[in-house]
1. Of all residues in the stretch 81-95, count the ones that are surrounded by fewer than 18 Cβ atoms within 10 Å (Cβ to Cβ) and in contact (Cβ under 8 Å) with a residue 24 or more places away in the chain.
2. Of all residues in the stretch 51-80, which are touching a residue at least 60 places away in the same chain (Cβ under 8 Å), surrounded by 12 or more Cβ atoms within 10 Å (Cβ to Cβ) and not in a strand (DSSP E or B)?
Amino acid sequence: MTETSTSRSAELTLLVAGESSASRSARATLDALIGDGLAEASQVRVIDVLQQPDFALRYKVYFTPSLIVETSTTTTTIVGDLHEVDEVKSLLAAA
């Protein structure tokens, strides 16, 4: 698990399964969004569900990669490798 803290109230949790190409792509896209300042969060976690399966059960995630965006009022799940960056940015901006 990897964690980073910033100053906003949304929490981002990326659930991946090992080092599959989709997992690597989702990690790279999320890193780029954060690095470019396009995704802000109070906490960013990357969790490998092969090593920590309890997180998949907790979030009721059946497909990986999945990005969980949690705010004080909503929880949104984005499924896939996050390659549709404009849609991901739009969902994150609404959070």
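Here, each number is a calculation from the coordinates, and none is a lab measurement. What you are looking at is a predicted structure, and each value in this text was computed from that prediction instead of being measured. Note: ideal-geometry Cβ built from the backbone for every residue, glycine included; neighbour counts use all protein chains shown.
1. The number of residues fulfilling the criteria is 3.
2. Of everything in the stretch 51-80, just one residue is touching a residue at least 60 places away in the same chain (Cβ under 8 Å), surrounded by 12 or more Cβ atoms within 10 Å (Cβ to Cβ) and not in a strand (DSSP E or B), namely Thr71.
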